[in-house]
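Worksheet for the structure shown next.
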Amino acid sequence: MIPTLIFDLETIPDIKSIRRLYNLDEALSDFDVVNIANFKRRQKVGHDFLPVHLHQVVAISCVLKTDDRLEIWTLGDEAVSYTHLTLPTNREV
């Protein structure tokens, strides 16, 4: 078997870049900033998956499969809690 290595990037919206790109007031909540970005994206292309430059990588997961083993691991900062970065899925603006 040919060894296979697979990567998966976990990202969140890059709030700081979105604020700068759309010149949004700092008084707006992060939730509102993401809703605005998603709304603008849906209007432009019909879906709300933001372009790559508006994502922030928070973890990289890897799977390595060889003849004799299967390894899975995640690269990230275990000392950082990302729970505050999880945004509700409400898509209304």
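For residue 57 and residue 27, calculate 0.36 nm times their separation in residues minus their Cα-Cα distance, and state this gained length in nm to one decimal.
On the way: separation 30, 0.36 × 30 = 10.80 nm, distance 2.45 nm.
Result for the pair: 8.3 nm of gain on full extension.
Using a 1.4 Å probe on the protein heavy atoms, what percent of the accessible area of region 1-53 belongs to carbon and sulfur? Could the numbers behind the result be given before it?
Details: 2220 of 3800 Å².
Taking all protein chains in place, region 1-53 shows 58 percent carbon and sulfur surface.
The values are calculated or read from the model by the stated rules, or taken from the named source; none is laboratory data. Keep in mind that this is a model prediction, so the values were computed, not measured. These area figures cover heavy atoms from the full protein model, side chains too; ligands, DNA and RNA do not enter into them. Shrake-Rupley method; radii C 1.70, N 1.55, O 1.52, S 1.80 Å.
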